[in-house]
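The values are calculated or read from the model by the stated rules, or taken from the named source; none is laboratory data. On a predicted model such as this, the values are computed, not experimentally measured, just so you know. Using ideal geometry, Cβ is built from the backbone for each residue, glycine included, and neighbour counts are taken over all protein chains shown.
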Amino acid sequence: MKFKRPLKITSRSSSVTNGFVQAIIPSVEPTPEKRSEALAQLGMTPDAITCIYCGAAATDWDHLRPLVRKKRPTGYINEVRNLVPSCGPCNQSKSGSDWRRWMVSAARGSPKAKGVADLDERIARLESFEAWGKVEPLDLRDLAGAENWESYWQRLATIEQKMQEAQLQAAELQAAIRGALSTREGAVSFGTPESVKKDDGETAR
Ligand SMILES: [Zn+2]
């Protein structure tokens, strides 16, 4: 059984940030008609959905315009006008990039890098999709109220600070425990076995 490097409290920081961001991004459930209309812009029907970027089997709905940038909501939301079918590898490679720049970039896993033959055609379909959707980012700060907005992100900063303090204390506890166990056989380390699932469903990292 292999042991991974110790899990730090602060290694959960990005999950916490992500929770704060995702908790306030609105979703609009599309009607089947609207979904069909959106897919038609991409040259697809609900029965024949493929990755718009490369043509592989689609497994994800990708946000054409990213919802999050620099740990803050961009103002783009979960709505049919901002969702395109994607394969997992394209979704991961694109991540928070501008879709057009990413498609023609040399980035690992980009359609250009993968040698997708009908790249121009795919870009044209996405342009048509965007022209149809006319998506503009919402000013979430304004919609929420500036004061509420600022105190929300201040709260996140406070939690991150508390996590750093807790990590420092954890290091002290570890040193004490390690010292107390120093007469035992085998070196004491802190961490979790690789294959153990955590309570929150995440695989131990
Ligand atoms: Zn793809």
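Do we find that Tyr76 is of a type outside the set (Asp, Glu), touching a residue at least 40 places away in the same chain (Cβ under 8 Å), within 13 Å of the ligand (Cβ to nearest atom) and in contact with a Lys or Arg (Cβ under 7 Å, 6 or more places away or on another chain) in this structure?
On the way: of a type outside the set (Asp, Glu): yes; touching a residue at least 40 places away in the same chain (Cβ under 8 Å): yes; within 13 Å of the ligand (Cβ to nearest atom): no; in contact with a Lys or Arg (Cβ under 7 Å, 6 or more places away or on another chain): yes.
In short, no.
Of the listed requirements (1) modelled with pLDDT of 95 or more; (2) over 30 Å from Gln154 (Cα atoms), Gly75 misses just one: (2).
Conditions (1) more than 28 Å from Val21 (Cα to Cα); (2) modelled with pLDDT under 90; (3) not hydroxyl-bearing (Ser, Thr, Tyr); (4) not assigned by TED's automatic domain parsing to the domain that holds Arg72, marked per residue:
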site: Trp149; (1), (2), (3), (4): no, no, yes, yes
site: Tyr152; (1), (2), (3), (4): no, no, no, yes
site: Glu160; (1), (2), (3), (4): no, no, yes, yes
site: Ala175; (1), (2), (3), (4): yes, no, yes, yes
site: Ser189; (1), (2), (3), (4): yes, yes, no, yes
site: Thr203; (1), (2), (3), (4): no, yes, no, yes
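Can you find, within the stretch 112-130, the residue that is surrounded by the most Cβ atoms within 10 Å (Cβ to Cβ) among those that are in contact (Cβ under 8 Å) with a residue 40 or more places away in the chain and assigned to a helix (DSSP H, G or I)? The residue in question is Phe129.
Quick one: in the stretch 137-161, of everything that is of a type in the set (Asp, Glu) and without any contact (Cβ under 8 Å) to a residue 40 or more places away in the chain, which residue is surrounded by the most Cβ atoms within 10 Å (Cβ to Cβ)? Among them, the one singled out is Glu150.
The single condition among (1) over 30 Å from Gln161 (Cβ atoms); (2) without any contact (Cβ under 8 Å) to a residue 24 or more places away in the chain that Val84 does not meet is (2).
Anything in the stretch 16-64 that is charged (D, E, K, R) and either in contact (Cβ under 8 Å) with a residue 40 or more places away in the chain or under 28 Å from Val104 (Cβ atoms) (or both)? List them, or say none. Steps first, answer last, please.
First pass over the stretch 16-64, keeping only residues charged (D, E, K, R): 29, 33-35, 37, 47, 60, 62.
Within the stretch 16-64, Lys34, Arg35, Glu37, Asp60, Asp62 qualify.
For the stretch 142-161, a residue qualifies if it is charged (D, E, K, R) and within 21 Å of the chain's Cα centre (by Cα), and exactly one does: Glu160. Take the conditions (1) within 16 Å of the ligand (Cβ to nearest atom); (2) in a helix (DSSP H, G or I); Gly109 misses just one of them, which is (2).
When you scan the stretch 125-173, how many residues do you find that are of a type in the set (Gly, Ala, Ser) and out of contact with any helix residue (DSSP H, G or I) (no Cβ under 7 Å at 6 or more places or on another chain)?
Of all residues in the stretch 125-173, those of a type in the set (Gly, Ala, Ser) come to 128, 131, 133, 144-146, 151, 157, 166, 170-171.
If we keep only those that are out of contact with any helix residue (DSSP H, G or I) (no Cβ under 7 Å at 6 or more places or on another chain) as well, we get 131, 144-146, 151, 157, 171.
Residues that pass the stated criteria total 7.
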